[in-house]
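Data block below; observations after.
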Amino acid sequence: MMNQPFRIRPADDEDIPVIGEILVETWRHTFRGIIDDAFLAGMTEQDQSLRHARRMGAKGVAYQAGVDRDGMIGFANYGPPRGAVSSGVMELYSLYIRPAAQGMGLGKALVQTAARDCRSQGAEGLFAWVLAENANRGFYEYLGATASARSTIRVGSRDHEQIAYLWQDLDELVDL
Ligand SMILES: CC(C)(COP(=O)(O)OP(=O)(O)OC[C@H]1O[C@@H](n2cnc3c(N)ncnc32)[C@H](O)[C@@H]1OP(=O)(O)O)[C@@H](O)C(=O)NCCC(=O)NCCS
C-alpha cells in the first residue's frame, strides 16, 4: 500500500473546534470571488462549530477526520439525505481539506471511507451537493459521480446554482 502522510479516524466532540476552523479557512480559500465577500468575511469558527456540534448529535450522522502528525487537516461528514431522495442513498454533507493539504489523496480516501461505511449500513449510493461554480466539481466527476439534480441555493446576497453529484454504485467507488 502507498505510504500516505495521513490517516483517517472517526471524529468526535473534541474535534468540533478544529472542524469550525477548517471550514472557515477552506470556504474563504475556495469561494473567494464566487460567494460574496461580506458573507465570507462574516463567517466565524464559533458559528460553524456550533452548526456541526448540532449535526454531530443527529441520528445516523457520521464524521471522519483526516489527520497528520500535527493534527486534523480535513474531514468528511455524511448521513441520511436531507430532502426527498430515493431510498438506499446517503448524502455526503461536507468534504473539506485544508488548502495546504489538498492534492495528496485525502479527499479521495475520505470519500472512500464514507462509501465503505454507507455500504456497510446497506446503502447503494452516495451524493453531494456542489456549487456549479466550484472548480472542485471536477473532483466528483473524476471519481465517477454524475450530475443527477440541480437546484438554486441562496448564500449571503446571491443565488447560486448547485449540482447533486451521485455515485450510483458504492462498490465501484470503493474499488477505485
Ligand atoms: C475537492 C477536495 C475535497 C479534493 O480533495 P483532495 O485531497 O484535494 O483531492 P485528492 O488528492 O484526493 O484527489 C483525488 C483525485 O482527484 C483529482 N482531483 C482533485 N481535485 C480535482 C479537481 N478540482 N478537478 C479534477 N480532478 C481533481 C486528483 O488529481 C486525484 O487524481 P489521482 O487519484 O489520479 O491522483 C479538496 O480539494 C477540497 O476540500 N477543496 C476545497 C473545498 C471543496 O471544494 N469541497 C468540495 C465541495 S463542497
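The values are calculated or read from the model by the stated rules, or taken from the named source; none is laboratory data. As the structure is a computational prediction, the values presented were derived from the model and not from experiment. All Cβ positions, even for glycine, are placed from backbone atoms using ideal geometry, and neighbour counts span all protein chains on display.
Key figures for this structure:
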| read-out | value |
| --- | --- |
| Filtered residue count, segment 52-69, keeping only those that are without any contact (Cβ under 8 Å) to a residue 12 or more places away in the chain, in a helix (DSSP H, G or I) and either within 15 Å of the ligand (Cβ to nearest atom) or not charged (D, E, K, R) (or both) | 0 |
| Test for GLY103: is it within 8 Å of the ligand (Cβ to nearest atom), surrounded by fewer than 16 Cβ atoms within 10 Å (Cβ to Cβ) and without any contact (Cβ under 8 Å) to a residue 24 or more places away in the chain | yes |
| Residues located in segment 1-38, provided they are of a type in the set (Gly, Ala, Ser) and either at pLDDT below 95 or outside any helix (DSSP H, G or I) (or both) | ALA11, GLY33 |
| Residue match in segment 128-135 (condition: polar (S, T, N, Q), within 12 Å of the chain's Cα centre (by Cα) and either on the phi < 0 side of the Ramachandran plot or more than 8 Å from the ligand (Cβ to nearest atom) (or both)) | no |
| Identity of the residue in segment 89-100, near the ligand (Cβ under 7 Å from one of its atoms) and in contact (Cβ under 8 Å) with a residue 60 or more places away in the chain, that ends up farthest from ILE73 (Cα to Cα) | SER94 |
| Verdict on ALA84 being away from the ligand (no atom under 14 Å from the Cβ) and part of a strand (DSSP E or B) | no |
| Selected residue [in contact with a Cys (Cβ under 7 Å, 6 or more places away or on another chain) and hydrophobic (A, V, I, L, M, F, W, C)] from LEU92, LEU126, LEU110 | LEU126 |
| Matching option when the condition is surrounded by fewer than 18 Cβ atoms within 10 Å (Cβ to Cβ) and either more than 18 Å from LEU95 (Cβ to Cβ) or within 14 Å of the ligand (Cβ to nearest atom) (or both), among ALA114, ALA109, ALA147 | ALA147 |
